[in-house]
Each structure stands twice: as structure tokens, then as C-alpha cells.
1. When the residues of the stretch 61-78 are narrowed to those that are acidic (Asp, Glu) and within 15 Å of THR3 (Cβ to Cβ), which ends up farthest from the chain's Cα centre (by Cα)?
2. Examine the stretch 79-86 for a residue that is touching a residue at least 60 places away in the same chain (Cβ under 8 Å), over 10 Å from the mean Cα position of the chain (by Cα) and surrounded by 11 or more Cβ atoms within 10 Å (Cβ to Cβ), and state whether such a residue exists.
3. Take the stretch 36-50 and flag every residue that is in contact with a strand residue (DSSP E or B) (Cβ under 9 Å, 6 or more places away or on another chain), without any contact (Cβ under 8 Å) to a residue 24 or more places away in the chain and open to solvent by less than 80 Å² (accessible area, probe 1.4 Å).
4. Among ARG5, ARG28, which is the only one that is in contact (Cβ under 8 Å) with a residue 60 or more places away in the chain, open to solvent by 30 Å² or more (accessible area, probe 1.4 Å), closer than 19 Å to GLU76 by Cβ and within 11 Å of the chain's Cα centre (by Cα)?
5. Name the single residue that is farthest from ALA69 (Cα to Cα) among those in the stretch 8-25 being open to solvent by 40 Å² or more (accessible area, probe 1.4 Å) and assigned to a helix (DSSP H, G or I).
Amino acid sequence: MVTVRLPASLQPLAGGAASVESDGATLRALIDDLERRFPDLGERLLEAGAIRGDVMIAVGADETRELDAPLPDGAEVHILPAIAGG
């Protein structure tokens, strides 16, 4: 089981939940599961088959954009809006 932590801006798309559980063994499987359960959330994560440029995903403390990244049992995945500066 993997815990997915959601920022306040995405929580309404997941029924108001700050975190959800998933059995996804890879980041792709996790996003597929989220999209199946919360269609509006899924479309905010991917674009043209890749992680959207305005989304940052971290597995534990490590940022990743690799959809085939394995997710060990008990992992914590954080989905965050990317922050740009100038």
C-alpha cells in the first residue's frame, strides 16, 4: 500500500481528502488508479502521456518524473504544484 499526499489545491478533486491510499506498484499504476477513482484528479496529473510540467511528484524525499519508477510498499508519494520564480 502507498500513501498519496495531496496539496489543498487538489484535495477537492479527491473528495476533499488530504491523502489517499493506492496499491500502485509503479508511479504509472498509481496515477492510473487515481484517475480511475478520481477522474478530475487524473487529468490534472498527466498531459500527452507524461507528468504535466506544472506538477511535481516526490516518492519519499526524491522528486521523479519517471512513470515507471517503482513504488515500494509503504512509500509516501507527494503530489505538489510546481513553483516557478523569476
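1. As a first pass, look at the stretch 61-78 and keep what is acidic (Asp, Glu): 62-63, 66, 68, 73, 76.
Still in the running and within 15 Å of THR3 (Cβ to Cβ): 73, 76.
Details: ASP73: 16, GLU76: 10 Å.
The extreme case among them is ASP73.
2. Restricting attention to the stretch 79-86, the residues satisfying the condition of being touching a residue at least 60 places away in the same chain (Cβ under 8 Å) are 79-81.
This time we only want the ones that are over 10 Å from the mean Cα position of the chain (by Cα), so: 81.
Still in the list and also surrounded by 11 or more Cβ atoms within 10 Å (Cβ to Cβ): 81.
Scanning the stretch 79-86 turns up at least one residue that is touching a residue at least 60 places away in the same chain (Cβ under 8 Å), over 10 Å from the mean Cα position of the chain (by Cα) and surrounded by 11 or more Cβ atoms within 10 Å (Cβ to Cβ).
3. Hit for the stretch 36-50 is LEU46, nothing else.
4. Working: ARG28 fails: in contact (Cβ under 8 Å) with a residue 60 or more places away in the chain.
ARG5 is the lone residue from the list that is in contact (Cβ under 8 Å) with a residue 60 or more places away in the chain, open to solvent by 30 Å² or more (accessible area, probe 1.4 Å), closer than 19 Å to GLU76 by Cβ and within 11 Å of the chain's Cα centre (by Cα).
5. In the first step, residues of the stretch 8-25 are kept if they are open to solvent by 40 Å² or more (accessible area, probe 1.4 Å); the result is 8-9, 11-13, 15-16, 18-19, 21, 23, 25.
Those still in the list that are assigned to a helix (DSSP H, G or I) too: 11-13.
Numbers: GLN11: 24, PRO12: 27, LEU13: 24 Å.
Result: PRO12.
The values are calculated or read from the model by the stated rules, or taken from the named source; none is laboratory data. Keep in mind it's a predicted model, so treat the numbers as computed, not measured. Heads up, the Cβs are rebuilt from the backbone with ideal geometry, glycines too, and the neighbour counts pull from every protein chain shown. Note: areas computed on protein heavy atoms with side chains; ligands, DNA, RNA excluded. Shrake-Rupley method; radii C 1.70, N 1.55, O 1.52, S 1.80 Å.
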